[in-house]
Amino acid sequence: MTNPRADRAKDVAKLLGRSSRTRRRQFLVEGPQAVREALRAHRDCLQAGGDALVDELYASRECLDRFPEFEDLIESSGLDSRLRIASELVLAAMTDTVHPQGIVAVCRFVDVPLTEVIAARPQLIAMMCRVQDPGNAGALLRAADAAGADAVIFSSSSVDAYNPKAVRSTAGSLFHLPIVLGVEPAEVAQACRSVGLGVLAADGYGSLNLDELQDESAARGFDQETPEASYALEQPTLWLLGNEAQGLSVEELQLADHRVAVPVYGSAESLNLATAATVCLYASARAQRRQ
């Protein structure tokens, strides 16, 4: 493919818009790392008897030469017939990046219903409440993946998880854990409590201090005598994480069993959303693994 004005290139580029993504239930994945994870997920789905995940694959010859592992991965994923060699101009026309990364995949939506996540008896879930920035959303999802969370949930008023910038920011983590879209925090909190999860709200003005909760958890892990815990971080937990500028609303805060503050020891006003989420999720993950 060498013509950036070709109908196929235009058809792929339509997935930059949310309405086309929603109608077709497809989204774009760009760059070697993210596409690599998409191909692995596609292969694993097929091997498990599931449906295809990758519908189309476009790559420059230079990219395939630079990353020779793609040849085996494409073959083992059964995607040879769906691969088209494209020029850098064509790839640029398909995407919204200034400098194309040499490879683009058209994938099917990967979100699952809340009931599926709850049925799996999760231990750690992150929920985004009214998160608006796609870069923050992607970084938060990547952090949840790194912390070993069982799912990430997007509220109905949060950014589209399939926004190209959000997908790029996940660096492939979008394909590593279940995501749930378009649900309300109250529904999620109720469902999580029904299977034994506690609900914590990340709140800069919270009455509980995350460092103190971690100290209590560590002391219990060493069989030391400690006061009764205000909240045991090692228990299954849903973290509510709020809007970048406004945090959690009053209604969202009221859904939580406790409001937990991440202490700031320097002069910064606060941590940004993705960083605060990382600290909170890792605190729970470490406590759960210690137990």
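Any chance you could count how many residues in segment 271-291 are modelled with pLDDT under 95, in contact with a helix residue (DSSP H, G or I) (Cβ under 8 Å, 6 or more places away or on another chain), open to solvent by 80 Å² or more (accessible area, probe 1.4 Å) and part of a helix (DSSP H, G or I)?
Here the count works out to 1.
Testing LYS10 on (1) farther than 28 Å from VAL152 by Cβ; (2) open to solvent by 80 Å² or more (accessible area, probe 1.4 Å); (3) not in a helix (DSSP H, G or I), one condition comes back false. Which one is that?
(3)
Give me the strands (runs of 3 or more DSSP E) completely within segment 105-217, filtered to those with at least 2 residues that are within 11 Å of the chain's Cα centre (by Cα), ordered by residue number. Write out each step before concluding.
Numbers: elements: 124-128, 151-155, 179-183, 198-202.
By residue number, 124-128, 151-155, 179-183.
Name every residue in segment 96-114 that is among the hydroxyl-bearing types (Ser, Thr, Tyr) and either without any contact (Cβ under 8 Å) to a residue 60 or more places away in the chain or crowded, with 22+ Cβ neighbours inside 10 Å (or both), in order of residue number.
From segment 96-114, those among the hydroxyl-bearing types (Ser, Thr, Tyr) are 97; that's our starting set.
Of everything in segment 96-114, nothing turns out to be among the hydroxyl-bearing types (Ser, Thr, Tyr) and either without any contact (Cβ under 8 Å) to a residue 60 or more places away in the chain or crowded, with 22+ Cβ neighbours inside 10 Å (or both).
Could you grab me the full set of residues in segment 192-223 that are surrounded by fewer than 19 Cβ atoms within 10 Å (Cβ to Cβ), under 12 Å from LEU238 (Cα atoms) and hydrophobic (A, V, I, L, M, F, W, C)?
Listed by number, the list holds a single entry, VAL195.
From the list ARG142, ARG220, exactly one residue is within 30 Å of THR97 (Cα to Cα) and charged (D, E, K, R). Which is it? Show your work before the answer.
Details: ARG220 fails: within 30 Å of THR97 (Cα to Cα).
Within the list ARG142, ARG220, the selection yields ARG142.
Name the residues in segment 17-32 that are at positive phi and either over 18 Å from the mean Cα position of the chain (by Cα) or of a type in the set (Gly, Ala, Ser) (or both), would you? Reasoning before the result, please.
As a first pass, look at segment 17-32 and keep what is at positive phi: 25, 31.
Scanning segment 17-32 gives a single hit, GLY31.
Condition check: loosely packed, with under 14 Cβ neighbours inside 10 Å and more than 18 Å from PHE109 (Cβ to Cβ). Does ASP44 satisfy that?
On the way: loosely packed, with under 14 Cβ neighbours inside 10 Å: yes; more than 18 Å from PHE109 (Cβ to Cβ): no.
No.
Conditions tested, residue by residue: (1) in contact with a helix residue (DSSP H, G or I) (Cβ under 7 Å, 6 or more places away or on another chain); (2) of a type in the set (Asp, Glu).
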{"site": "CYS45", "(1), (2)": "no, no"}
{"site": "ASP51", "(1), (2)": "yes, yes"}
{"site": "LEU64", "(1), (2)": "yes, no"}
{"site": "PRO68", "(1), (2)": "no, no"}
{"site": "ILE85", "(1), (2)": "yes, no"}
{"site": "GLU88", "(1), (2)": "no, yes"}
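Which one of these is open to solvent by 80 Å² or more (accessible area, probe 1.4 Å) and either outside any helix (DSSP H, G or I) or within 13 Å of GLY102 (Cα to Cα) (or both): LEU89, LEU57?
Working: LEU57 fails: open to solvent by 80 Å² or more (accessible area, probe 1.4 Å).
Just one listed residue meets the conditions, LEU89.
Quick test for you: out of GLU269, GLU187, pick the one residue that is free of Cβ contacts under 8 Å to residues at least 24 places away in the same chain, closer than 26 Å to ARG130 by Cα and out of contact with any Ser or Thr (no Cβ under 9 Å at 6 or more places or on another chain). If you could, list the steps in order and put the result at the bottom.
Numbers: GLU187 fails: free of Cβ contacts under 8 Å to residues at least 24 places away in the same chain.
Answer to the selection: GLU269.
Which number in (1) farther than 30 Å from SER156 by Cβ; (2) not in a helix (DSSP H, G or I) marks the one condition that ARG36 misses?
(2)
Can you tell me which residues in segment 66-84 are among the hydroxyl-bearing types (Ser, Thr, Tyr) and either in a strand (DSSP E or B) or under 25 Å from the mean Cα position of the chain (by Cα) (or both)?
In the first step, residues of segment 66-84 are kept if they are among the hydroxyl-bearing types (Ser, Thr, Tyr); the result is 76-77, 81.
Within segment 66-84, SER77 is the sole residue that qualifies.
Read through the list (1) touching a strand residue (DSSP E or B) at 6+ places or on another chain (Cβ under 8 Å); (2) without any contact (Cβ under 8 Å) to a residue 24 or more places away in the chain, then give the number of the only condition that TYR162 fails.
Failed condition: (2).
Only one of these is open to solvent by 50 Å² or more (accessible area, probe 1.4 Å) and either at pLDDT below 95 or of a type in the set (Phe, Trp, Tyr) (or both): GLU228, GLU251. Name it.
Working: GLU251 fails: either at pLDDT below 95 or of a type in the set (Phe, Trp, Tyr) (or both).
Going through GLU228, GLU251 in turn, the sole match is GLU228.
The values are calculated or read from the model by the stated rules, or taken from the named source; none is laboratory data. Owing to the predicted nature of the structure, the values given are computational and were not obtained by experimental measurement. Cβ atoms come from the backbone with ideal geometry, glycine included; neighbour counts cover every protein chain shown. Keep in mind that these areas ignore ligands, DNA and RNA; they rest on the heavy atoms of the full protein, side chains included. Shrake-Rupley method; radii C 1.70, N 1.55, O 1.52, S 1.80 Å.
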